[in-house]
Each structure stands twice: as C-alpha cells, then as structure tokens.
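The values are calculated or read from the model by the stated rules, or taken from the named source; none is laboratory data. What you see is a predicted model; the values in this text were computed from it and never measured. Here the Cβ positions follow ideal geometry from the backbone for every residue, glycine too, while neighbour counts run over all protein chains shown.
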Amino acid sequence: MTDAATPAERPERPDAALPADRPEPTDGADAELLGLIDRLAELLHRSDLSELEVESGGTGLVLRKAMALPEVNPGAAPPSGVQPDTTATTGEPAAAGREPVAPAVPSIKAPLTGIFYASPAPGTAPYVQVGGEVAVGQVIGLIEAMKLFNEIKSDLAGRVGRVVPESGALVKAKQPLIEVEPL
C-alpha cells in the first residue's frame with residue numbers, strides 16, 4: 001500500500017503556485033537593488049580595487065573594472081636613465097602608468113540604469129537624429145527601469161553628433177547617451 005493520495009483527496013493549497021505564477025518582486029525592491037548596484041559600481045570606480053564581490057543569502061554579484069593591458073614592444077623601450085614624456089597635449093602631467101585621455105566630447109548622460117529607447121514607440125521616428133539640433137529640456141529618449149518609462153531630457157544644446165547606445169540596449173547610470181556638438 002502506498003501513502004500517495006489521489007488528486008481528489010489532496011487538499012488544495014492556494015500558496016502552491018507554479019514558479020511561473022509567482023508574482024514578480026515589488027518595484028521598490030528592484031529599485032533598491034539597482035540603486036545598490038549603482039552605488040557599488042561607483043565605489044569600485046573610485047577605488048584602487050579591480051574587482052568587488054558581494055554575496056548575500058543565495059545571491060552573489062561580481063563587479064570588475066575593465067582593464068586594458070599595456071602593449072609591450074621591447075624594441076621601443078626608452079634607453080635607461082631617460083624618462084618618457086608624460087605630458088598630455090593639454091600640458092598637464094599624465095597619471096603614472098596611464099595613457100593620456102582624449103578630450104571628452106560633451107554628452108547627455110543616462111541618469112539611471114535601464115533599457116534605452118530612442119523613439120516613443122516601435123516603428124516611430126526617434127526623438128533625435130544625428131545631425132539634428134537638440135535644445136535644453138528636449139526629450140532625447142526613454143529609459144525603462146522597473147517597468148516605468150522615464151523621459152530623458154537634454155541638459156545641453158547643440159547638434160547631435162552621435163547617438164551612443166542602440167535602441168533597446170541596456171545603459172548604466174552616467175553612461176553617455178547622446179554626444180552633442182555645441183553650436
């Protein structure tokens with residue numbers, strides 16, 4: 001004899017939903033998690049660390065800095081006793097061991113992490129196009145975060161030089177969205 005009950009004898013359990021039927025986490029919890037990830041990424045960026053690993057309960061997160069390996073050309077090494085020129089074109093000394101940084105192009109940056117959309121709906125014209133003009137306060141795109149669409153407004157005026165992310169791409173907070181050439 002078995003202890004298995006027939007389907008008619010099993011008690012109904014309203015809390016025994018299939019995993020697909022489980023409600024999604026609340027928007028507040030997701031917002032907190034994304035905020036925490038942004039804060040940890042900023043902490044990593046400002047520190048000398050190259051990697052940050054965090055575990056809580058059954059969840060783990062590893063953040064790594066993008067590291068470029070310096071090119072080594074043994075024939076191009078300066079003679080011993082000669083210091084290489086470390087001044088950038090601006091006349092300021094370059095940081096030790098780092099390449100001079102190209103001048104930054106003015107850009108409108110993402111205020112939050114989420115999915116970037118260049119147009120208000122699929123198949124419609126984008127908010128801005130390369131070569132077009134943008135004004136301060138003009139909507140340049142949408143970022144979907146926590147199932148909410150946030151209008152992203154320009155804080156610069158000028159001509160659109162480049163739209164950095166493709167529509168539908170994940171963008172991180174402070175990532176350039178639109179490069180703007182001042183008029």
Hey, any hits in the stretch 78-101 for a residue that's at pLDDT below 95, of a type outside the set (Ser, Thr, Tyr), under 22 Å from the mean Cα position of the chain (by Cα) and closer than 30 Å to Pro182 by Cβ? yes
Provide a single number: the residues in the stretch 117-158 that are part of a loop (DSSP other than H, G, I, E, B) and without any contact (Cβ under 8 Å) to a residue 40 or more places away in the chain. 16
Looking at Val139, Val105, Val130 in this structure, which one is of a type in the set (Val, Ile, Thr), loosely packed, with under 15 Cβ neighbours inside 10 Å and modelled with pLDDT under 95? Val105
Pairs needed: first member in the stretch 51-65, over 10 Å from Leu40 (Cα atoms) and in the same structural domain as Leu33 (by TED's automatic domain parsing); second member anywhere, basic (Lys, Arg) and at pLDDT below 75; C-beta distance under 8 Å; at least 6 residues apart or different chains. Glu51/Lys65
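Does Ala135 count as within 27 Å of Ile37 (Cβ to Cβ) and of a type in the set (Gly, Ala, Ser)?
Working: within 27 Å of Ile37 (Cβ to Cβ): no; of a type in the set (Gly, Ala, Ser): yes.
Criteria not met by Ala135.
Of the residues Asp15, Asp48, Asp30, only one is modelled with pLDDT under 75 and assigned to a loop (DSSP other than H, G, I, E, B); which?
Matching residue, one of Asp15, Asp48, Asp30: Asp15.
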